[in-house]
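Step one of this worksheet: look at the structure below.
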Amino acid sequence: MNRRGRHARSRSPRRTSTKDGGTGKTSDMKPIHDLHARIIDDSLFSPLPPMVVVALSVLGAAAFLYAAIISKLLPSTGIWWLDAIRNDWYYCFLIPLTAPVSIFFLIWNWYGKKLFRHN
């Protein structure tokens, strides 16, 4: 039983009573999870292999950490583009200023969900 006191519907394949004499054999319909597995196996959602995505994510995180924190602690290198990153103050304020805005929208999202459920 679910939280409203009703019985949950079964997710098993449908049973038919067509020309099989009402024996209740399963039909030729494929379950949803088989179709979902086929879509994921065909790699429609990610043209890149998963390890490439992980490697790019780690590389991006390392570049952000260098731009936001590490470059401010190092002396001038003499390389123009590393010094440009060092002298830029945009990224060091990105995370501290994003946190309050995210919390604000998180609370309003929760409040909207509560209003939707209870009205």
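Each reported figure results from applying straightforward, stated rules to the coordinates on display, with no laboratory input. Owing to the predicted nature of the structure, the values given are computational and were not obtained by experimental measurement.
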Seminar exercise, completed: Heads up, segment 43-102 by the C-alpha gyration tensor (a ≥ b ≥ c square roots of eigenvalues; a/c under 1.5 rounded, else a/b over b/c prolate, else oblate) looks oblate
For this session: Write down the Kirkwood hydrodynamic radius of segment 78-119, to one decimal in angstroms, obtained as one divided by the mean of 1/r over all alpha carbon pairs.
Result: 13.2 Å
For this session: Take the alpha-carbon centre of segment 100-119, take the same for segment 49-68, and report the distance between them in whole Å.
Result: 31 Å
